[in-house]
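A.B. asks: Before anything else, here's the structure in question.
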Amino acid sequence: MRKVGHRARVTDSLTAFARQKIDELTSVSLMRWLKPTARLEGAMVERDGRRLVSFSCNDYLGLSHHPKVKAAALRAIETYGVGSGASRLVTGDNPLIEELEAKLAALKGTEAACVFGSGYLANTGIIPTFAGSKDLILVDELAHACIWAGAKLSGAETLAFRHNDMADLAAKLAERRPHAQRALIATDGVFSMDGDLAPLDEISRLAQRHDAWLLSDDAHGLGVVGGGRGSAALFPDAKIDLQMGTLSKAVGGYGAYVCATKPAIDFLKTRARTVVYTTGLPPANAAAALAALEVIAGEPERVARPLALAQRLTAALGLPPAQSAVVPIILGEAETALAAARDLEAKGLLAAAIRPPTVPKGTSRLRLAFSAEHTEGQVDQLAEAVRPWLPA
Ligand SMILES: *Cc1c(COP(=O)(O)O)cnc(C)c1O
C-alpha cells in the first residue's frame, strides 16, 4: 500500500458516497444543480446567455436594484468598509445596526429588535434561546426549514400541527402542554411555498389559552401585505411574542430581525448562539435595509403592486385569489414540475420547479413570485404559458 493509502481511501469512500447519492437523487428527479444567474434591472435575469423574465425572485419590490438603496450601501462601504470585523458583542455592532433595529421595532410596534446575519441564523438562534429540553414546540407542518432546524437544536419536544388547522393545534396543546415547562408555537406568517396566510389571531388566542408563546416568521409578509408592515398588521388583535422576518426578500438585501419586548431582545443579544458566535451583519447591509424601509414607507403604490399582480394571475387562471406575492401551481410529481419549468423557460419565463424536500412529496410545483417590477403584460404572458399545465 502507498504511504498516502489511508488518506486516499477515506477520500475515495466519501467521493463514492457522494456519487451514489447523486445517482439516487437523479433517478427520482430530485437532484438539484446550481445555475449561475445574473439578476439585472427590472424582473430580468440572465442565465446561459439568455435573458428571462423571472417569476422566481423574492425581491418583491425590486429594491435590490433601487438607486437609493444601492447608494446607501455604497456610502456605508466608503465609510465603514465591507465587513463588520467581529461579532456584534465584540466590535461588530456598527451604529447602523442599532439604527436599523430602532426602525424595525417602530415599524412592528414593539419595544426593541435584534438583527441577525440571515433568516436561517435568526430562527436557529431565537428558538433554542427560549426553549429547551423540558419544553414543547408546536410548528405548522409547512413552516420554513429553519424553524424546524431551530426547534431541533433546542432539544424541546417538537410536534407538527396540520397546516393552519386550529383544531389539530388545540388538540396537541391540550394533550402535550401539561407535560412541558414552557411552550412555543411557531409558524410562517405568509407561507413561503404556498403564499397563504397563517390565522395569527386564532393561533394567538390558543397560545394565550394554553400559556404558550408565539413566534411568527414574516419573511414573505414584510413589504408586501398589511400595507407593507407585514402579516401581523392584518391581525391587530394577535399577541405575537416574537415577530421574526428577513431583510432578504422584499427588503432586497440580506439579514434578518426579530421584534419583541426589550427584556426578550436583551436576553437574545447575550445568549442567542447565532448572535454571539457569528460575525455581525456588514454595515452596507444595514444601510441598504434602512434605505429600503424608507422606500417601503414612502411608496405605497410600489408596495401594493406585487399582491395586485399575483391576483391578476390567479383571476386570469380561475384560481383562488392570491393572498400574498407567492402563488403555487401544484403539479404533483417532480418530473412534471421540471417539464413545466423547461416549457416556460423556452418561452422566456423563469419559474423554478420546487420539489421535495422543500415541499411535501407529491406536491412538486411551480412557485410563482410577483414583483413590483413586473409589467401587466408579463403577467398575462405568464398566465398563458401556465394555463396548459393546470391540473384538469
Ligand atoms: C427565506 C426564508 C427564511 C430564511 O431567510 P434567509 O435570510 O434567506 O436565511 C426564513 N423563513 C422563511 C419563511 C423564509 O421564506
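The values are calculated or read from the model by the stated rules, or taken from the named source; none is laboratory data. Given the structure is predicted, the values throughout are model-derived calculations rather than measurements. Cβ placement follows ideal geometry from the backbone for every residue including glycine, while neighbour counts extend to all protein chains displayed. Areas reflect the complete protein model, heavy atoms only, side chains present, ligands, DNA and RNA absent. Shrake-Rupley method; radii C 1.70, N 1.55, O 1.52, S 1.80 Å.
A.B. asks: Please give, to one decimal in nm, the separation of the simple spin-label points placed at Ala297 and Leu153, each 7 Å out from Cα toward the Cβ.
C.D. replies: Placing both labels 7 Å along Cα→Cβ, they lie 3.1 nm apart.
A.B. asks: Could you tell me the accessible area of Arg162 in Å² (1.4 Å probe, neighbours in place), rounded to the nearest ten?
C.D. replies: Approximately 130 Å² of Arg162 is accessible to the 1.4 Å probe.
A.B. asks: Which net charge results when you count Lys and Arg as +1 and Asp and Glu as -1 among the other residues whose beta-carbon is under 11 Å from that of Met244? Walk me through the numbers on the way to the answer.
C.D. replies: On the way: positive: Lys108; negative: Asp188, Asp217, Asp218, Asp241.
Cβ neighbours under 11 Å give a net charge of -3.
A.B. asks: Quick one: divide the alpha-carbon radius of gyration of the chain by 2.2 N^0.38 Å and tell me what you get.
C.D. replies: Numbers: Rg = 21.9 Å, N = 392, 2.2 N^0.38 = 21.3 Å.
This ratio for the chain stands at 1.03.
A.B. asks: Taking a quarter of the surface of the convex hull around the Cα atoms of region 67-297, what do you get in nm²?
C.D. replies: 11.3 nm²
A.B. asks: Taking 0.36 nm per residue of separation and subtracting the Cα-Cα distance, what length does fully extending Thr270 through Ile77 add? Before the final figure, lay out the partial values.
C.D. replies: On the way: separation 193, 0.36 × 193 = 69.48 nm, distance 2.73 nm.
Extending this stretch completely gives an extra 66.7 nm.
A.B. asks: Give me the accessible area of Cys57, 1.4 Å probe, in Å² rounded to the nearest 10.
C.D. replies: Number for this one is 30 Å².
A.B. asks: Further question on the same structure: In nm, what is the difference between 0.36 nm times the number of residues separating Glu333 and Lys134 and their Cα-Cα distance? Can you show the working numbers first?
C.D. replies: Working: separation 199, 0.36 × 199 = 71.64 nm, distance 3.97 nm.
Extra length from Glu333 to Lys134 when fully extended: 67.7 nm.
A.B. asks: If you don't mind, another one. At 1.4 Å probe size, with no ligands or nucleic acids counted, give the accessible surface of Glu294 in Å², nearest ten.
C.D. replies: Spelled out: Glu294, probe radius 1.4 Å, area about 110 Å².
A.B. asks: With labels modelled as points extended 7 Å from the Cα through the Cβ direction, what inter-label distance (nm, one decimal) is found for Asp380 paired with Lys239?
C.D. replies: For the pair Asp380/Lys239, the computed spacing is 5.1 nm.
A.B. asks: Now for a separate question. How much mean residue ellipticity at 222 nm does the chain get from its helices, if each DSSP H run of length 4 or more adds -39500 (n - 2.57) and you divide by all residues, to the nearest 500 deg cm²/dmol?
C.D. replies: Details: 13 runs with 165 residues, N = 392.
For the chain, the value works out to -13500 deg cm²/dmol.
A.B. asks: How much area per residue is accessible in region 67-297 when the probe is 1.4 Å and only protein heavy atoms are counted (Å²)? Can you show the working numbers first?
C.D. replies: Numbers: 9310 Å² over 231 residues.
Per-residue accessible area for region 67-297 comes out at 40 Å².
A.B. asks: Report the Rg/Rh value for region 269-392, based on alpha-carbon coordinates and the Kirkwood definition of Rh.
C.D. replies: Rounded to two decimals, Rg over Rh is 1.09.
A.B. asks: Cβ neighbours within 10 Å, averaged per peptide: list 235-246, 177-188, 20-31 in order, most packed at the top.
C.D. replies: Working: 235-246: 21.9, 177-188: 19.8, 20-31: 12.2.
In descending order of packing, they fall as 235-246, 177-188, 20-31.
A.B. asks: Related question: Enumerate the lysines that Lys103 could reach by cross-link, defined here as Cα to Cα under 24 Å, with residues fewer than 8 away along the same chain left out.
C.D. replies: List returned: Lys68, Lys70, Lys239, Lys249, Lys262, Lys269.
A.B. asks: Give, in nm to one decimal, the length gained when the segment between Val90 and Lys262 is fully stretched (0.36 nm per residue of separation minus the Cα-Cα distance). Present the calculation step by step, with values, prior to reporting the outcome.
C.D. replies: Working: separation 172, 0.36 × 172 = 61.92 nm, distance 2.06 nm.
Stretched out fully, the Val90 to Lys262 stretch lengthens by 59.9 nm.
A.B. asks: Please work out the Kirkwood hydrodynamic radius for region 59-156, using every pair of different C-alpha atoms, and report it in angstroms with one decimal place.
C.D. replies: Value: 16.1 Å, from the Cα pair sum.
A.B. asks: Could I have the simple spin-label model distance between Ala102 and Glu202, label points 7 Å from Cα toward Cβ, reported in nm to one decimal?
C.D. replies: Modelled inter-label distance: 4.1 nm.
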